[in-house]
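Working notes, structure below.
Taken together, the values in this text are just the output of simple stated rules run on the coordinates, not laboratory data. None of these values were measured; they are calculated from a predicted model. For neighbour counting, all protein chains shown are included, and Cβ atoms are generated from backbone atoms with ideal geometry for every residue, glycine included.
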Amino acid sequence: MKRSPCLLALIFFAFQTVSVGAQTSELEPNDIAGQASALLLNNTGYGSIEKPNDIDWWKVTTNSDGKLDITIQNTGNVGAIHVELYDSSFYTILDSVTVNENTVQTMHADGLGAGTYFIKMKGAAAIDTASYIISNTLIAVTGPNDKEPNDMWWFGPHTPIQLSDTVYGHIGYNHNGKIDKDDYFSFTTPADGNLYLTFNNGSNINSMEFNLGDSLNNGLLASFNDPGQSKTMEQQGLRAVPTLFG
């Protein structure tokens, strides 16, 4: 959920696809994550599960929040390949597939923050061997991101803004096992008066909540925006205070 103050506009889940380009071969040894072969972003690699119990690790580094697709083509005809996708924390399997002989499967991991992701490949059975082609596509979020960390208010990290600013950001993305659930911004009102706030939910999928509070932790305004919805609200009779948070 997004907690945001003055004239906040959020744009995310606007996607663009980048075409596949250069090709890479695996580099042995790559049997552990620390030896993972580098797969260039939006590109293709080649490798093989050469012997029983062989493991191949690959890694790909994304440069934007978005959705990461990993496609595996099993070009062999004697064994299946089991594939798992991890982030850098290795706490959770983001997606997994088993790719049978002469077939193609794609893993999909949406809501990923920019970072390095790891792919573990091995025979589906201990005796399985196979050759394969691996490719990746990042469907990136467009629009500027907010500066992190800004997950707390008052004494915690938050983003100061000017009263008349328009602010853009991303929310809800996975960064190494941690979901970016809240963004906080602060601004100062120089005089008593009425405050107008416009909140724009740039997602076509998810709803968002926006809140405004003062430095005494008093809740002033709340807006629940459906996908694609924009709302303008007014806070009347607002006294000048050092800082407002949202």
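Residue check: residue 203 meets all listed conditions (1) among the small types (Gly, Ala, Ser); (2) in a loop (DSSP other than H, G, I, E, B); (3) surrounded by fewer than 19 Cβ atoms within 10 Å (Cβ to Cβ) but one, namely (3). Of everything in the stretch 41-69 that is surrounded by 15 or more Cβ atoms within 10 Å (Cβ to Cβ) and not in a strand (DSSP E or B), the residue that is nearest to the chain's Cα centre (by Cα) is 65. Consider the stretch 139-184 and keep the residues that are among the aromatic types (Phe, Trp, Tyr) and in contact with a Gly (Cβ under 6 Å, 6 or more places away or on another chain). The one that is nearest to residue 107 (Cα to Cα) is 173. For first residues located in the stretch 212-225 and in contact (Cβ under 8 Å) with a residue 60 or more places away in the chain, partners that are among the β-branched types (Val, Ile, Thr) and outside any strand (DSSP E or B) and lie 6+ apart or on another chain with Cβ distances below 8 Å form the pairs 215/241; 215/243.
The residue of the stretch 116-155 that is nearest to residue 75 (Cα to Cα), among those that are over 23 Å from the mean Cα position of the chain (by Cα) and in a loop (DSSP other than H, G, I, E, B), is 129.
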